[in-house]
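Chemist: This structure is in structure tokens; I'll ask about it shortly.
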Amino acid sequence: MQTLYSRRGTGMLSKHPRERLIQQLRTQGISNPDVLEVMRTTPRHLFVDEALSSHAYANHALPIGYGQTISQPYIVARMTEALLSQGYLEKVLEVGTGCGYQTAVLAQLLDKVYSVERIKNLSEKASKRLKLFGLDNVQLCHSDGHWGWAEHAPYQGIIVTASPKNVPEALLDQLALGGCLIIPVGPRGGQVLLKIIRTRTHYEQYTLEHVSFVPLREGLS
């Protein structure tokens, strides 16, 4: 596994805040060593506005513009770990590229990541960041996340970084047999993070925990 730390060299903020963050993640139950290592070495401060860079390794969400946020590090780690708990995943769909941070984390752990974002400016900025880091196993698309990305389906894993009121049927349809969907569902104040597994006859659903995400909106911007 090659990380962004080795790609970017030493031009990053002090290691101390990120080490404290990793200790917090461990305390909160994150145990996958690969996830922890990628979270430690990925330069989160380069995915937020410079004015917020001093808060980049605090364990909470930050605004990235357009009414969107970069997710709390714990949530990024929790969702990634839950996705990887199903074993080897060759191809994963991310719904909600945002600033590209979750995308970068996934790209260091998986063979291929497809990611859709409805806000064009965010998608373009994320594309530039990911290219800067040399992550060439990511493909982005400016599209409505409710549609998924049927062209490259089925996916062994799907991860959704905003909350719809209900699980979009397109995402269930694009999930491979035995595949895993990690998705927050519900209105603000009542959202739960779900893990959904597709079997030959039905979808198994597990509630992981209560969460708070921005809503998954429809249409393009």
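The values are calculated or read from the model by the stated rules, or taken from the named source; none is laboratory data. Remember, predicted model here, so these are calculated numbers, not experimental data. In this analysis, Cβ positions are derived from the backbone assuming ideal geometry, glycine residues included, and neighbour counts consider all displayed protein chains.
Chemist: Exactly one of (1) over 20 Å from LEU171 (Cβ atoms); (2) modelled with pLDDT under 95 is unmet by LEU89. Its number?
Modeler: (1)
Chemist: Is there a residue being at negative phi, touching a residue at least 40 places away in the same chain (Cβ under 8 Å) and either acidic (Asp, Glu) or touching an Asp or Glu at 6+ places or on another chain (Cβ under 6 Å) (or both) anywhere in segment 160-171?
Modeler: Scanning segment 160-171, I find no residue that is at negative phi, touching a residue at least 40 places away in the same chain (Cβ under 8 Å) and either acidic (Asp, Glu) or touching an Asp or Glu at 6+ places or on another chain (Cβ under 6 Å) (or both), so the answer is no.
Chemist: Can I ask one more? Checking the conditions here, which among ARG20, ARG40 is at pLDDT 95 or above and either assigned to a loop (DSSP other than H, G, I, E, B) or more than 22 Å from ALA126 (Cβ to Cβ) (or both)?
Modeler: Working: ARG40 fails: either assigned to a loop (DSSP other than H, G, I, E, B) or more than 22 Å from ALA126 (Cβ to Cβ) (or both).
Going through ARG20, ARG40 in turn, the sole match is ARG20.
Chemist: Would you confirm, using the coordinates I've provided, whether GLU151 is of a type in the set (Asp, Glu), out of contact with any Phe, Trp or Tyr (no Cβ under 6 Å at 6 or more places or on another chain) and under 24 Å from GLN205 (Cα atoms)?
Modeler: Values: of a type in the set (Asp, Glu): yes; out of contact with any Phe, Trp or Tyr (no Cβ under 6 Å at 6 or more places or on another chain): yes; under 24 Å from GLN205 (Cα atoms): no.
No, not satisfied.
Chemist: Turning to a different aspect of this structure: State yes or no: is ILE64 in contact (Cβ under 8 Å) with a residue 40 or more places away in the chain and either of a type in the set (Phe, Trp, Tyr) or touching a Cys at 6+ places or on another chain (Cβ under 6 Å) (or both)? Before the answer, list the steps.
Modeler: Numbers: in contact (Cβ under 8 Å) with a residue 40 or more places away in the chain: yes; either of a type in the set (Phe, Trp, Tyr) or touching a Cys at 6+ places or on another chain (Cβ under 6 Å) (or both): yes.
Yes; evaluated as a whole, the condition is true for this residue.
Chemist: Now for a separate question. Please work out if GLN28 is more than 28 Å from GLU218 (Cα to Cα), at pLDDT 95 or above and surrounded by fewer than 20 Cβ atoms within 10 Å (Cβ to Cβ).
Modeler: Values: more than 28 Å from GLU218 (Cα to Cα): yes; at pLDDT 95 or above: yes; surrounded by fewer than 20 Cβ atoms within 10 Å (Cβ to Cβ): yes.
For GLN28, the condition - more than 28 Å from GLU218 (Cα to Cα), at pLDDT 95 or above and surrounded by fewer than 20 Cβ atoms within 10 Å (Cβ to Cβ) - is met.
Chemist: What number of residues within segment 95-122 are buried (at least 21 other Cβ atoms within 10 Å of the Cβ) and part of a helix (DSSP H, G or I)?
Modeler: Looking only at that region, the number is 8.
Chemist: For LEU194, state whether it is in a strand (DSSP E or B), among the aliphatic types (A, V, I, L, M) and either at pLDDT 95 or above or over 24 Å from PRO73 (Cβ atoms) (or both).
Modeler: Details: in a strand (DSSP E or B): yes; among the aliphatic types (A, V, I, L, M): yes; either at pLDDT 95 or above or over 24 Å from PRO73 (Cβ atoms) (or both): yes.
Yes, satisfied.
Chemist: Tell me, yes or no, whether segment 205-213 has at least one residue that is acidic (Asp, Glu), assigned to a loop (DSSP other than H, G, I, E, B), in contact (Cβ under 8 Å) with a residue 60 or more places away in the chain and farther than 20 Å from LEU110 by Cα.
Modeler: Let us first name the residues in segment 205-213 that are acidic (Asp, Glu), namely 209.
From the residues that got through so far, the ones that are assigned to a loop (DSSP other than H, G, I, E, B) too are none.
Among the residues of segment 205-213, not one is acidic (Asp, Glu), assigned to a loop (DSSP other than H, G, I, E, B), in contact (Cβ under 8 Å) with a residue 60 or more places away in the chain and farther than 20 Å from LEU110 by Cα, which makes the answer no.
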